[in-house]
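Take a look at this one; I'll ask things after.
The values are calculated or read from the model by the stated rules, or taken from the named source; none is laboratory data. In this text the structure is predicted, and so the values were computed from the model without any measurement. Because the Cβ atoms are built from the backbone with ideal geometry, glycine has one as well, and the counts that use them run over all protein chains shown. Note: accessible area is taken over every heavy atom of the protein model, side chains too, but ligands, DNA and RNA are not part of it. Shrake-Rupley method; radii C 1.70, N 1.55, O 1.52, S 1.80 Å.
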Amino acid sequence: MNIFNNFPHIETERFRLRPIEVSDANEVFHYFSLDEVTKYYDLDTFTDVAEAIQLIENWQKRFAINEGIRWGIATKSENKIIGSCGYHNWEKEHFKAEVGFEVTPEYWQQGVMTEVLPIVMQYGFEEMGLFRIEALYDPENTASKKTLEKAGFIYEGTLRKSSFEKGRFCDAAICSILKEEYKKYE
């Protein structure tokens, strides 16, 4: 059975949100092989396409066992993956999940996440039954901070040295949006 039979396909004006398949590995490898993409990401910069395949398989597994969902952001014109967005750290008993996203630099500052994130949030609140959506980001990552603020997320604080990444302890800013707050932005 294909695990993607129940995978929700969503469209925005410019993009298709769809499953990421192993056949998309070259596109995923392309942007995760760039230091500017992984600078604030909890992954090392990819050096081999096999790393992209492993990441895609991890996303697929998480969906298959109902622990999260990661959409590929594909251009409508070419159906080419230019980034991804989705939920992980889904705590069903607490009605919350963490959202994460990335976009290839060729599409930075073109409003990709401004277009995609509200649709992903709507899915989280309406289809996953979330009450709270959280996001963690490196305090130095001003682009992610602005994207989240624009979507209505509220900064809650900084978790000091809360993770160990790339050989050092890192701070993580945390922000969230609640279901009742999201209604304001529809």
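Post the alpha-carbon centroid distance, the stretch 107-186 to the stretch 1-68, in whole angstrom.
Computed from Cα coordinates, the inter-centre distance equals 19 Å.
With labels modelled as points extended 7 Å from the Cα through the Cβ direction, what inter-label distance (nm, one decimal) is found for Gln122 paired with Phe95?
Result: 2.1 nm between the two label points.
Shifting gears a bit: DSSP H helices in the chain with Cα extent of 15 Å or more along the helix axis and mean Kyte-Doolittle hydropathy at least -1.0?
Working: long enough: 49-64 (22 Å, -0.10); 112-126 (22 Å, 0.87).
Result, helices passing both filters: 49-64, 112-126.
Could you sort Trp108, Trp90 by their accessible area in this structure, using a 1.4 Å probe and putting the largest first?
The residues order as Trp108, Trp90, largest area first.
If the cut-off is 27 Å between C-alpha atoms, which lysines fall inside it for Lys161, apart from same-chain ones fewer than 8 positions away?
Lys39, Lys92, Lys96, Lys145, Lys146, Lys150
May I have the convex hull volume per residue, in Å³, for the Cα set of the chain?
Spelled out: Cα convex hull of the chain, divided by residues, is 123 Å³.
Same structure, new question: Could you give the size of the charge dipole of the stretch 25-86 about its Cα centre, using +1 on the Cβ of each K and R and -1 on the Cβ of each D and E, expressed in debye and rounded to the nearest 20?
Dipole magnitude for the stretch 25-86 comes out near 340 debye.
Please list, ordered by chain and number, the residues whose modelled amide H lies under 5 Å from the amide H of Gly83; skip anything fewer than 5 residues away on the same chain.
Those lying under 5 Å, H to H, from Gly83 are Ile73, Thr104.
Step through the residues of the stretch 75-82 one at a time and calculate ³J(HN,Hα) from phi using the Karplus curve (6.51 cos²θ - 1.76 cosθ + 1.60, θ = phi - 60°), rounding each to whole Hz and writing x for Gly and Pro.
Values, residue by residue: 5, 5, 5, 10, 6, 9, 6, 10 Hz.
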